Every structure is written in structure tokens, then in C-alpha cells.
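Notes follow once the structure below has been shown.
The values are calculated or read from the model by the stated rules, or taken from the named source; none is laboratory data. What you see is a predicted model, and the numbers here were worked out from it, not measured in a lab. Note that we place each Cβ from the backbone using ideal geometry, even for glycine, and neighbour counts take in every protein chain shown.
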Amino acid sequence: MIARAWFKSICSVAAVVVIGFASNLLTARALGPEGRGSYSAVILLTTLVSGLAQFGFGQAFVFASRADKNLDQRGLFWKCSATVLLSAVVIGQLFLMLAPRLSGGHAILAIIFCTSFSLYTLYVSAAQLQSDLNVYNIGKLLFPSLSLIVFIFGFLGQWLTLEYALTAQTFLSIVCSVVLVVIILKKIIRKTGEVSKTAVSKNAAVSFVPLALRYHLVVVLGLVTTNLDKVYLLLRGGLGDFGLYSVAVSTSRLIGAIQETASTALFSHFAGRETGDPKDTILMVFRMTLLPLLAVAAIISLASTHLIVFVFGRNFGAAALPFNILLFESVIGGASWILAQQFNATGRPGVVLTRQLAAVLPVLFLIPFLSQENLTVTLALLLLLGSCIRLVVTLLMYRIILAQPIPSIAPSKADLKLASKIIGERLSAKHRRYE
């Protein structure tokens, strides 16, 4: 089941990788470094607001729905939606009061985009309740696919401006949220009649909130770890540098999409289930992704200078070095997140929180002492340090908390045989389908 879900998700991720790359290309070419910097500032605002407004509801909703079969899913779903909606408006306004530069000069549009995208993020996360991840994959693909179509029309018509991009994506995030709500209510969430009238108790509500907040603390620390560099650069550097760095970051993240998908599949399959220890499966996925993706990162980095200039233009040539560093940072960070699903899926996000703290504290300590020269490279190195710390701490947690040997990073023969078997089964199934 999990192999099938992961296979489907990898296919959707391959599409997301291509779509994300194409969108980066179009916006960089059309807007230039400074315009791309302004656009990236709004995207950064949206990322921070949507992350902070979630309150861990998506993951907690999946876990609680599995753990409590009498849970009123629909009632809880709408309460979570209302809370995220209001929170996004308030948090977005606070951010713009503290840092108006984040709006890219379009404050009202930025707030609407943040709010609608926050709901979209919640619904994509809640769709993990479906173990085969079909709706989740549709949700992950829907917004970037429609955005790319809009960007292509804008680019060809030479009206791909900052205002055009933000207006289109705001409208699309609203449409995608509505579509996901309809699908989730019809396909995933139990009908109200299937829940007894006495099923929703105060105890269920009370247990949900602390669990959600524990998941949320992990997400908040993750937001700090992965976005502190961008906030610092936006406030201390120019929009041109921020545009270069944003291209480096967004392009480097494409390599980590496979690990992100694996983590989602692991959590979706094991969260809230009383049977089955996820450890062996998690370790197998960890071993099968870390070294191969590091090798891919090394190969890409050898040609990165020519690649960046060829794809984005000579104005973005300075993004090549931070891009190289961030490739490895993305793979190492993704590997540590796969390992962390052992604790997330078993309802122990507090353990993951400790890991996040261990990584973010050195970064917070070092960032005030950074040299202003080559700031984009220095920030990329700082992110790499944080990812390495998270990986080391997570490996040690298996030894200290689970009383297990420190996980190996090299794939075993059994891993290779299993991967070969899964791929063979999928290819055979596809071949039979077309016979």
C-alpha cells in the first residue's frame, strides 16, 4: 500500500518539479533580479503566514481521525478552516506592519493571497487522511499547474508583471481551495450520519488541540530554520540580491521533492494506526534516498554555473555558488525529515521539536556575526550547517530514545532487492493495463 502511494506521489512530484522549474524560469526571465526579488518577497510572506496560521491542524486532523473513529470530522474540519482563515488575516497584517517590504508594494493583494493560500495548504495537508494520497497528489499539482499556465500566457503576451502574477495566483488559490473542499467532503471525510450524536466529546476536542500545537511547534521551528536566511537577506540586502538568492533556493529545492514525497507517504500510511512499526520502512526509504540524491547533487553542481546562466540568463550567474551549496543542504535536510517521521507518525512531535531546536539555536547564534560580503553564499552555508545538525541529532535519537543502533546511510542488498521488486511490479502492472 505505502509503496503504491509513494510511486503515485513520485509521479506527481516529477510533474511538480518540471512545473516549478518552468515557473521559476518564466518569472526570472520576465521580472529580472529586482522584480523577481519583489515577487519572492510576497512568496516569502505567503509561506510564513500560511505556515504560522496552520496551527498543526492538518497533521493533527489526520492523526485524530485515525485514532478516534467516532470523531466528528466535518465539524472539526470547518472549525480548523475558520481558525486558519482568521489567523492568516491577523498574522499577515502583523507581518506587513513590521516589514512593509514583504508586500512587494501590493499590501491588500498580498494579504488576500496569504489568506487563500493558507486555506489551500490546510486542505492539502488534510488530504493525507486518504492513504493512497490520490487527493493529496491532485491538490499538490493543481495550484502550480494552473499557475504555470497563467505564467505562460503572461510571458507570451508580455504582460507577466508582478501585479499580474500575484492577482492570478490569488484567484487560483481560491479556486483550488474550493475544489479541494468539495473533494475532501465527498471522498475522504465521513458523513455526519456515520457518527453517533454523542461521539463528539469535550475530551476529543481537548486532546486534539495539544496534539495540533505540538505539531505546530515543529512546523514553526522549521519555518524559522528554512526562512531565517531569506528574511535576513531581504532586510539587510537589496532586492537584486534577494532575487538571485530566491532563484538559487527555489531551484535547489527541486531535488528534495522526492524526499518530501516519501515523508508524506510515510506519515499518511502510519499516522494514528495501532498496528505496524514504521521504523523498518522509514530506515529503508532513508537509505535508498540519501546517497543517491547526494550523488545527483554532486553531478548537477559540476555544471551549475553554465546551467544557471543558460536557463535564467547572465543576470542570474551569481546564483550558481549558493545554488551548489543549497543542493546538498536540501538533500541532507530531506533525509533528516524522513527519519523524523518515526516520531511524527507515532504521535510524538515533541521529540521532533527537540531536534528542530538543536539545529536552529546555533543558526540564531551565528547569524548576527555574518559578514555582509558574499551574504548569499554565507547564508547558504549557514543553512547547510543547520541541516547537518538536524541529521546528526535525528540519527542519535534513534540510539538514545529508541535504543536502536544508529541508522546506516548506505543501502543494503535487501533494500535494493525490494526497490527492484516494487519497480518491476509497477512496470508489469502498467504493461498489463495496455495489453
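Residues in region 361-409 that are in contact (Cβ under 8 Å) with a residue 60 or more places away in the chain, among the polar types (S, T, N, Q) and crowded, with 19+ Cβ neighbours inside 10 Å: 376 only. Whenever a residue of region 275-296 is closer than 18 Å to residue 325 by Cα and of a type in the set (Asp, Glu), it has no partner that is surrounded by 19 or more Cβ atoms within 10 Å (Cβ to Cβ) and at pLDDT below 90 lying with C-beta atoms less than 7 angstrom away and at least six residues away or across chains.
Tell me, please, whether a residue that is at pLDDT 90 or above, surrounded by fewer than 22 Cβ atoms within 10 Å (Cβ to Cβ) and not in a helix (DSSP H, G or I) can be found in region 52-62. Yes - at least one qualifying residue is present in region 52-62.
Among residues of region 93-115 that are within 19 Å of residue 173 (Cα to Cα) and surrounded by fewer than 21 Cβ atoms within 10 Å (Cβ to Cβ), those with a beta-carbon under 8 Å from a residue that is among the charged types (D, E, K, R) and at pLDDT below 95 at least six positions away or on a different chain give the pairs 106/163; 109/163.
The residues in region 222-273 that are in contact with a Ser or Thr (Cβ under 8 Å, 6 or more places away or on another chain), part of a helix (DSSP H, G or I) and modelled with pLDDT under 85 can be counted, and the count is 10.
Between 323, 343, 310, the distinction of being in a helix (DSSP H, G or I), closer than 30 Å to residue 36 by Cα, within 20 Å of the chain's Cα centre (by Cα) and aromatic (Phe, Trp, Tyr) belongs to 323 only. Could you tell me whether any residue of region 77-92 is part of a helix (DSSP H, G or I), more than 25 Å from the chain's Cα centre (by Cα) and at pLDDT below 95? No: zero hits.
Every listed requirement among (1) within 19 Å of residue 234 (Cβ to Cβ); (2) part of a helix (DSSP H, G or I); (3) of a type outside the set (Asp, Glu) is met by residue 125 save one, (1).
Within region 94-121, being modelled with pLDDT of 90 or more and polar (S, T, N, Q) holds for 115, 116, 118, 121. Within region 128-157, being part of a loop (DSSP other than H, G, I, E, B), closer than 19 Å to residue 187 by Cβ and among the small types (Gly, Ala, Ser) holds for one residue alone: 131.
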